[in-house]
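Worksheet for the structure shown next.
The values are calculated or read from the model by the stated rules, or taken from the named source; none is laboratory data. Just so it is clear, the structure is predicted and the values come from calculations on it, not from any experiment. Note: ideal-geometry Cβ built from the backbone for every residue, glycine included; neighbour counts use all protein chains shown.
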Amino acid sequence: MTLCIVYFSPTGHTRALAQAIALGGEGILLDATDLSAADWATLDSASAIVMGAPTYMGGLPAPFVAFIEQASARWDTGQWRDKLAGGFSTAMHPAGDKLNALTCLFVFAAQMGMVWIGAAETGPPVVEGNEGINADGSWVGVTGTMSAIEGELLSSGDIETARRYGARMKRAMERWEQG
């Protein structure tokens, strides 16, 4: 089983979430702007693909859309059908219209016949002791907000939320493979 995390991150914020997902799910990181033939083969054989990009003006940035356009060549063959899928996004503000970017990723995955796995972690006030977990309240996918603390890309809660999501993807792959 292979978990691929394909991302675009011009400032490092989205890469930080990608790294945390990879850590939690024992996944492989792939930069969407620099994919080799071997990287595409890895994506094609993966059990799950988690996609991430920053939210730009409420949508996905052009370099990530280029990845989607290249990947869509697999649509008519069903090459990615029944792979698990998920998504993540970062923005400057807590809302930052990240839901729209995640929805774009979800629709792409649905059109490819993939099976979407959302986020499941809940923080306060629902779950005391989960300070900083899923602070944006996003269940479609993982989101992160740029930190106001100098030298910190994202909060430790956002990073931990992403790590837990990676672990969830790993468990989902194990269940999906057994089924």
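Checked against the criteria, residue 171 does not count as surrounded by 14 or more Cβ atoms within 10 Å (Cβ to Cβ), assigned to a helix (DSSP H, G or I) and either at positive phi or modelled with pLDDT of 95 or more (or both).
Residue by residue, here is whether (1) under 12 Å from residue 13 (Cα atoms); (2) within 14 Å of the chain's Cα centre (by Cα) holds:
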position: 128; (1), (2): no, no
position: 135; (1), (2): no, no
position: 139; (1), (2): no, yes
position: 147; (1), (2): yes, no
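Just one of the listed residues (113, 86) is farther than 21 Å from residue 153 by Cα and either within 14 Å of the chain's Cα centre (by Cα) or of a type in the set (Asp, Glu) (or both), namely 86. Is it true that residue 110 is within 24 Å of residue 175 (Cα to Cα), touching a strand residue (DSSP E or B) at 6+ places or on another chain (Cβ under 8 Å) and free of Cβ contacts under 8 Å to residues at least 24 places away in the same chain? Here the answer is yes, as residue 110 does meet what is asked.
With respect to residue 82, is the statement that it is of a type outside the set (Gly, Ala, Ser), closer than 24 Å to residue 24 by Cβ and surrounded by fewer than 14 Cβ atoms within 10 Å (Cβ to Cβ) true? So residue 82 fits the description; yes. Only one of the numbered conditions (1) of a type in the set (Asp, Glu); (2) surrounded by 16 or more Cβ atoms within 10 Å (Cβ to Cβ); (3) modelled with pLDDT of 95 or more is not met by residue 121, and that is (3). Of everything in the range 80-107 that is basic (Lys, Arg) and in a loop (DSSP other than H, G, I, E, B), the residue that is nearest to residue 170 (Cα to Cα) is 83. Does residue 152 qualify as being of a type in the set (Asp, Glu) and free of Cβ contacts under 8 Å to residues at least 24 places away in the same chain? Yes. Of the residues making up the range 121-145, those that are touching a helix residue (DSSP H, G or I) at 6+ places or on another chain (Cβ under 6 Å) and not polar (S, T, N, Q) are 121, 132, 133, 135, 140, 141, 142, 144. Among the residues making up the range 37-55, those that are touching a residue at least 40 places away in the same chain (Cβ under 8 Å) and surrounded by fewer than 18 Cβ atoms within 10 Å (Cβ to Cβ) are 42, 45.
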